[in-house]
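Here, each number is a calculation from the coordinates, and none is a lab measurement. All values reported here derive from a predicted model rather than from experimental measurement. Cβ: placed from backbone, ideal geometry, glycine included. Neighbour counts: every protein chain shown.
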Amino acid sequence: MNDDLMIFSGTASTDLTRSICEYLEVPVRKSICRTFSDGNTFVQVGENVRGRNVFIVQSTIHPTNDKFMELLFWIDAFKRASAASVTAVIPYFSYGKGDKKDEPRVSIRARVCADALESVGCDRVVTMDLHSPQIQGFFHIPVDNLFGLKTLGAQIIGDGVKNLVVVAADTGFAEEARQFAHYLNVSVAISVKKRERHDEKAEITDIIGDVKGKTAIVVDDFVISGSTLIENAHSLREKGASRVMAAITHGVFAHGTMAKIEASALDTLYVTDSVENRPEAVTDRVKVVSVASCFGEAIQRISRLESVSDMFLK
């Protein structure tokens, strides 16, 4: 047991924190979080953290703003309790989608969140499959961006899925899909989509690559409403894919998504447990794969001043 590790849980990631601590054979440290009748959030550290290196695990989702504010309060509380350092472990960084100013008069929300985390004293961020890796440049502190697809790939291999082709959900995810295909030692295809509005729905215009007679694995960083994924599955079937599956790191799943997935051409959807406080339970068609060992290993390496990137070297 490593008694030096002090790992705390935010209310959005209690199950994942427990699994991380089980992997590391350490206890989840004591803390209190309350929400008052007017919506105010109250947090209190339940143990002495003076001079200690602290890790707080909190995904920022469902409801996003509340969970992000709670994370800021935790970091502030640790700093005011004289922690030597505070590492924010954010399995799913929701505002990673707001990574650029692509329209007039809009906020670069990911940058605002980065500034807020730094302003309350965050010393390091550990996250997984950021929507855009360049978001790491928004921070003046170290950011470790872990790769969830490797864990999902290991599960797919373990399940014995054969005759695969990896399909990038869009051109923007083509490089990640190529790396995933290399890991599985299979070919890669790309779905071409067009998005005209902010309604989370995109039109699939073409599939580049050969998918006929194969099991197509659609890969992406997150799924919310499932509309684009379902359209992808339909297009792949039309192109001759014998089965359609998906491996998506963050299963955000808005209310009503499960019913749409159940009625779709999608056979199996692999997601990680980076998001756990969803508005509705997942169905049997969704297979949740734990990334606790991945985060646990990263936390242990950080605490020992070892390389985190070495975890993902080929």
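What are the ³J(HN,Hα) values, in whole Hz, obtained from phi via the Karplus relation 6.51 cos²θ - 1.76 cosθ + 1.60 with θ = phi - 60°, for each residue of the stretch 217-233 in sequence order, with x given for Gly and Pro?
Along the stretch 217-233, the couplings run 10, 6, 10, 7, 8, 8, 10, 10, 7, x, 4, 5, 4, 5, 5, 4, 4 Hz.
Of G46, T11, L149, whose Cα points farthest to the positive end of the dipole of the chain (charges on the beta-carbon: +1 Lys, Arg; -1 Asp, Glu; origin at the Cα centre)?
Farthest towards the positive end: L149.
With a ≥ b ≥ c taken as the square roots of the eigenvalues of the C-alpha gyration tensor of the stretch 1-55, please select rounded if a/c is under 1.5 and otherwise prolate if a/b is larger than b/c or oblate if it is not?
It comes out oblate by the Cα gyration axes.
What is the distance, in nm, between label points placed 7 Å from the Cα along the Cα-to-Cβ direction at T64 and at R285?
2.5 nm
List the aspartates and glutamates whose Cα sits under 18 Å from the Cα of K162, skipping any in the same chain fewer than 8 residues away.
Reachable aspartates and glutamates: D210, D267.
Out of residues 5 or more away from Y270 or on other chains, whose amide H comes under 5 Å of its own, with H placed 1.01 Å from N in the peptide plane?
When sequence neighbours closer than 5 places are left aside, the close amide H contacts are A246, A247, I248, K287.
With everything on Cα atoms, drop me the angle between helix 292-303 and the longest principal axis of the chain, reported from 0 to 90° to the nearest 10.
Roughly 40 degrees, rounded to the nearest 10.
Once you have a ≥ b ≥ c as the square roots of the Cα gyration tensor eigenvalues for the stretch 6-146, tell me rounded if a/c is under 1.5, and otherwise prolate or oblate according to whether a/b is larger than b/c.
Taking the square roots of the gyration eigenvalues as a ≥ b ≥ c, the stretch 6-146 is prolate.
I want the antiparallel fraction of DSSP beta bridges within the stretch 6-146, as a percent rounded to 5.
20 percent
How much of the DSSP bridge set in the chain is antiparallel, in percent, rounded to the nearest 5?
For the chain, the DSSP antiparallel bridge percentage is about 20.
Calculate the dipole size of the chain relative to its Cα centre from +1 charges on Lys and Arg beta carbons and -1 charges on Asp and Glu beta carbons; express the result in debye to the nearest 20.
180 debye
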